[in-house]
Structures are given as C-alpha cells and as structure tokens.
Amino acid sequence: MPSNDLFVVSLDIGSSSVRALLFDASGQPCEGFSEQIAYEMTTTPDGGVEVDAAKLASLTLQCLSALHAKIEAANIRPAAVASSAFWHSFLGVDANGKPTTPILHLFDTRAAAAAGELASELDAAQVHQRTGCRLHSSYWPAKLRWLGKTRPEAVRATARWMSFPEYLLLQVCGEAACSVSMMSASGLWHLEKNIYDAEVLAAIPLREDQLWPAARMDEAPAKLLPEHAAKWPRFDGIPWYPAYGDGACSNIGANCVTPEDFCLMVGTSGAMRAVTGARRIIIPNGLWCYRVDAARYILGGALTNGGDVYAWMSRNLKLPGDAEAQIARRRPGEHGLAMLPFFGGERSPYWRADLRGAITGLGLTTAPVDILQAALESVALSFEKIFALLRTALGSPRRVVASGGALQHSRVWTQMMADALDVPVTLGNEKEASARGAALLALERLGRKPEVVPSGEVFQPGPEAVVAFRAIRAAREDLFERLYKET
C-alpha cells in the first residue's frame, strides 16, 4: 500500500483508451493503481470520426469502479479527481442531458467546406489571433456550421453544447463543469479576455447560454449523484476538477512548464508545444494557442500524422523484425526517396484537409524498410517546421523534451528528431505524461506544487546527419511545391 498523506485520482481520456490512475503528493503514479480500457472511434467514408458519448461514459465509469475497488481495499481516501481529455471534440445534449449528436472528434473533416465559408465571412487572421484557433474543420465553429446544414433537427433538439468531460461530470455529479483549458481549444474562446468570442458565436448556430457560463469556468463539483456515491464512497465529497486539455497536461506531465522547455510529443498524432505565463502573445501563422488555465498560455503546432504513420507502415508493409536496427546503421536519406506523410490531411503549419501522402523515387530495389525510413524522416521534418515557428515566438529553448508512446518505443525515431531539429532532444522519463499533468495541476489547486525538472536520456544531433536532413528537406519541399502549391 502506498504511504503518503495525499493522493489524486487522474483520468486520462484519450482517443483510443480511457485510463484511471492514482498519483501521490509528489506527482508520481502509485504502482498497482491503474486501470485501462481501449475503444475504437467510428469512421465514415466521407471523413467522419465519431464516438458514442454514452458508450465512452460507460467505459470511463468501468475504469473508475475498478480503481475505486483497489483504493478502498488499500484504505486510501483521495483528495481530488483530476482529468486529462482530448481537446476540440464536442457533442450536443437535450434538456434532459441525453446526447443529440455523437462526439465529433477533431479528426472529423466533414466540416472542411464550412470552415472555408467561415473564413470568407470573417477576418480569419483576426479570429486566429483572438481565439488561437484557425477556421478549420478541427474546431467547433466549422463543425457547428456543418451540423446546422446537415443535421438541423439535432441542432434544434440541443439545449447545451459541451465537451465529453463536461458530459461525463453531468452523468456522475448531475451537473456539468468546464475548464478554461478545454474551452480555450474550441475556437469559441477569446484568449486574452477569457470570455466567449462574440463575433464567432454570431456566425454559427449556437447561443452563449447553450455553453458553460464563462464566469463559472474551473468550478469543481464535489457531490456525486446518489447511485455513484453508493458505489464510490471514496470519490464522494471531494473536488472533481473539470478536465484540462490533453496537450496542456502532456506538457505539464513531461515537466515542460516554462517557455524554455519545448515538449515534442508523438502518440497517434503529434505536437510540439511550450507553456508561457506571458500576459499577451502574438501567434505565428501556422501555430495554435490555447490556455493551460486562466493565467498561462500554451503555444504550439499539431500534426494529424504522427505515430499513425508508423502504424500504417507496420500494417501494410512487410517490415523485417530488425527494421529499426537496419535504419540505425544507415545514413539519413540513403534510400533516395522523397515522401510526404500526409495520410489524413495536415494541421500545422498548412491547415489543409486536402493533403495526401505521396512518395517519389521508388525503384526495383526499394525495400519496405526504405519506405519506413523515409516516412519517419518526413514526420521529423514536419516537427522541424513547427520548431522554427515556435522559436520565432518564444526564442530558442533550453531543451526539447520528447514524450509519447511512439518515441518511447523508438530510439531511432527520437534520434531522427534531434538530427532534423539540429538540437539535443531529451527522451523524457515520464510514461504517463497526460495523466500525470492532470494530477500535478490538481495538486497545484490543492496547495501542493511538486518540483518538476525534465530528465532523461539526451540524443545529440549528428553533424553528418544534420547535413543529410537538409538535403531530405529540400527534396520534400520540392515535392510539396509540385503537388500542393496553392494557386
């Protein structure tokens, strides 16, 4: 049994699984107190990516029940429940709290045309600076415009629009609650004023009274509905903090809490981000900006194509068992291929849903491991574009810290990141970054602030590899210009 004076339950609601963990007062996970349930999103041929809200809530409750049983057996009473949840996604609910739509995931591209309409009606650059979000299919405004045209009956039946963790609190506590962090990534939030953006709201089928009140952001319910209080007595009567966005939690959990520490994350998708307490920030075109909380911004860029590119290669190519060992012995670009890894459009810095993967240079001697190497190198160069933009806004970082399961399991890809960026990359030790970040933010609200210092193995860029990546970059840019240059 863990020995400590304070514990925090942390929910990690991701795009492929739900996890429930227990953390101690130092922000470390308690061994043996972890539950996980995997799930799959529903995809449609027209670009839809949806999740059934009731089903996901049921899985989350199962995770919590299993963790509660362990906590009760160990005679632990947590001080709070914290959450990390995927950003951008949302659903509608009726007056009785029943879903009127599925959860629309950020990868759902069906609102691309609606985003274009909004960009033609509003000053897109000003919207980006105010809200930190592009007028893009990833965000709420375009999806709501699309819903208004394609599912008007669902829009009419909707009393409230909310993120999934708000819906979860509604099921557990009988009332929803939202954080500045979650709403700041919706495309509806005025970042500097910490209120809803009136111009954006006026352009979509949504009223402000259908959203969680701005004045009540970050309030934490502490009383469970009777049926849940009976099942989970250890979770009743403690604050259930509204969920923070997974990107913000990932940075905090990877110990990247200042603008001098850039966090490079590769999971299913990918992102590079930095936290800053600046009073105001100018957002470079190509990046996004959200909030960790009402006092801190998080600036960065997100890739649609990250670890899923590696997964696609593993599924569809006859890769040898020692593929990574082979790549480690090669020079970057030795395969002679040029590749664009845009399997599902791309966000930063292009923000174009129409981009698709492409490869040139294939020959009779091209092997599957050549294609894999070209793909991983090209994703690394996607991060290099984000890195360059982040440096224009925040200056050169003290360190770049790598996190996410894809890099934790691939030393060769981590080395590529160092070579492509031409800076040392620290492979962080924290394997539960998002869940840990939520726990650390909860501990901060409880008056505890554990010391956080990034640590881990450092991958140094190789001088010859850096030069080789410049040549790969030039070939990649040439291919992009020939295929996708805007007219």
Hey, Leu299 of a type in the set (A, V, I, L, M, F, W, C) and in a loop (DSSP other than H, G, I, E, B) or not: no
Selection from segment 269-280 of residues touching a residue at least 12 places away in the same chain (Cβ under 8 Å) and either assigned by TED's automatic domain parsing to the domain that holds Met41 or surrounded by fewer than 19 Cβ atoms within 10 Å (Cβ to Cβ) (or both) yields Thr276, Gly277, Ala278, Arg280
Looking at Gly187 and the list (1) at negative phi; (2) in contact with a Cys (Cβ under 8 Å, 6 or more places away or on another chain), which single condition is not satisfied? (1)
With the requirement that a residue be polar (S, T, N, Q) and either at positive phi or touching a Ser or Thr at 6+ places or on another chain (Cβ under 8 Å) (or both), what does segment 236-252 give you? Ser250
So is Ala358 farther than 30 Å from Val81 by Cα and either among the aromatic types (Phe, Trp, Tyr) or over 22 Å from the mean Cα position of the chain (by Cα) (or both) or not? yes
Any residue in segment 189-200 that is assigned by TED's automatic domain parsing to the domain that holds Pro141 and over 16 Å from Arg279 (Cβ atoms) sitting within a Cβ distance under 7 Å of a residue that is surrounded by fewer than 17 Cβ atoms within 10 Å (Cβ to Cβ) and not hydrophobic (A, V, I, L, M, F, W, C)? List the pairs, counting only those 6 or more apart or interchain. Tyr196/Glu208
Any strands (runs of 3 or more DSSP E) falling wholly within segment 11-97 and containing at least 3 residues that are surrounded by 23 or more Cβ atoms within 10 Å (Cβ to Cβ), of a type outside the set (Gly, Ala, Ser) and at pLDDT 95 or above: 17-24
How many residues does segment 444-460 contain that are surrounded by fewer than 18 Cβ atoms within 10 Å (Cβ to Cβ) and touching a helix residue (DSSP H, G or I) at 6+ places or on another chain (Cβ under 8 Å)? 3
Pairs, first without any contact (Cβ under 8 Å) to a residue 12 or more places away in the chain in segment 220-242, second part of a loop (DSSP other than H, G, I, E, B), C-beta under 6 Å, six or more apart: Ala229/Asp236
Scan segment 113-128 for residues that are hydrophobic (A, V, I, L, M, F, W, C) and within 17 Å of Ile283 (Cα to Cα) and jot them down. Ala124, Ala125, Val127
Restricted to segment 326-359, and to residues that are assigned to a loop (DSSP other than H, G, I, E, B) and small (Gly, Ala, Ser), which residue is farthest from Gly132 (Cα to Cα)? Gly336
Count - residues of segment 182-193 that are within 21 Å of the chain's Cα centre (by Cα) and over 20 Å from Val155 (Cβ atoms): 6
Test: Ala380 is in contact with a Leu (Cβ under 6 Å, 6 or more places away or on another chain) and either buried (at least 17 other Cβ atoms within 10 Å of the Cβ) or in contact (Cβ under 8 Å) with a residue 12 or more places away in the chain (or both): no
Here is a list of conditions, (1) within 17 Å of Phe459 (Cβ to Cβ); (2) crowded, with 19+ Cβ neighbours inside 10 Å, and Ala433 meets all of them except one; can you say which number that is? (1)
Return the residue satisfying two criteria in turn: it lies in segment 282-291 and is in a loop (DSSP other than H, G, I, E, B) and in contact with a helix residue (DSSP H, G or I) (Cβ under 7 Å, 6 or more places away or on another chain), and of such residues it is surrounded by the fewest Cβ atoms within 10 Å (Cβ to Cβ). Ile282
Among (1) part of a helix (DSSP H, G or I); (2) under 23 Å from the mean Cα position of the chain (by Cα), there is one condition Ala229 misses while meeting the rest; what is its number? (2)
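The values are calculated or read from the model by the stated rules, or taken from the named source; none is laboratory data. Please read all numbers here as calculations on a predicted model, not as lab measurements. Neighbour counts are summed over all protein chains in view; Cβ atoms, including those assigned to glycine, are modelled from backbone coordinates with ideal geometry.
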